[in-house]
Amino acid sequence: VQLQAFGGGLVQAGGSLRLSCEASGLTFSNYNMGWFRQAPGKEREFVAVISWTGISRSYADSVKGRFTISRDNAKNTVYLQLNSLKPEDTAVYYCAAHNAPGIRKDRNEYDYWGQGTLVTVSS
């Protein structure tokens with residue numbers, strides 16, 4: 001199984017980025033997909049999750065209203081649109097997959113992880 005995340009970069013505060021995560025080696029439409037992030041010196045934290053159907057979504061309070069998670073099962077890809085970025089959004093962003101019932105926010109419940117993509121927001 002491979003999850004490849006890309007789309008990170010350097011952006012000014014208030015700017016936008018779109019992260020993508022391409023999955024291979026698994027039946028993508030059977031998996032709920034999540035995004036997590038890890039800032040320097042901090043633990044990896046939940047950002048957003050989307051169900052395998054794309055119907056159910058959940059966000060961390062810190063990103064609600066600014067970030068949007070979506071997926072395209074035909075392309076085996078999950079996206080994270082990041083708008084109104086703040087310096088505190090600076091982190092390595094990881095995509096992950098789980099197929100337990102219901103959408104999950106606990107990183108320990110995820111089966112597969114991507115390698116991460118760095119987002120840096122300058123003030």
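Computed quantities for the displayed model
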item: Members of region 69-106 found to be in a loop (DSSP other than H, G, I, E, B), open to solvent by 10 Å² or more (accessible area, probe 1.4 Å) and over 21 Å from Ala23 (Cα atoms), listed by number; result: Asn83, Ser84, Lys86, Thr90
item: Matching residues in region 1-19 - criterion: being buried (at least 17 other Cβ atoms within 10 Å of the Cβ) and over 12 Å from Thr77 (Cα atoms); result: Gly8, Val11, Leu17
item: Sole exception among (1) over 11 Å from the mean Cα position of the chain (by Cα); (2) in contact (Cβ under 8 Å) with a residue 24 or more places away in the chain; (3) closer than 18 Å to Tyr31 by Cβ for Cys95, by number; result: (1)
item: Qualifying residues in region 20-68 (those that are closer than 17 Å to Gln115 by Cβ and hydroxyl-bearing (Ser, Thr, Tyr)) - the one least open to solvent (accessible area, probe 1.4 Å); result: Ser20
item: Near pairs, Cβ below 7 angstrom, 6+ apart or cross-chain, from region 101-123 (farther than 17 Å from Val49 by Cβ and modelled with pLDDT of 95 or more) to any residue that is open to solvent by less than 70 Å² (accessible area, probe 1.4 Å) and of a type in the set (Asp, Glu); result: Val119/Asp89; Val121/Asp89
item: Failed criterion for Glu43 (all others in (1) under 24 Å from Gln12 (Cβ atoms); (2) part of a loop (DSSP other than H, G, I, E, B); (3) not small (Gly, Ala, Ser) hold); result: (1)
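The values are calculated or read from the model by the stated rules, or taken from the named source; none is laboratory data. In this text the structure is predicted, and so the values were computed from the model without any measurement. Glycine also receives a Cβ, built like all others from the backbone with ideal geometry; neighbour counts cover every protein chain displayed. Heavy atoms of the whole protein, side chains included, go into the accessibility calculation; ligands, DNA and RNA do not. Shrake-Rupley method; radii C 1.70, N 1.55, O 1.52, S 1.80 Å.
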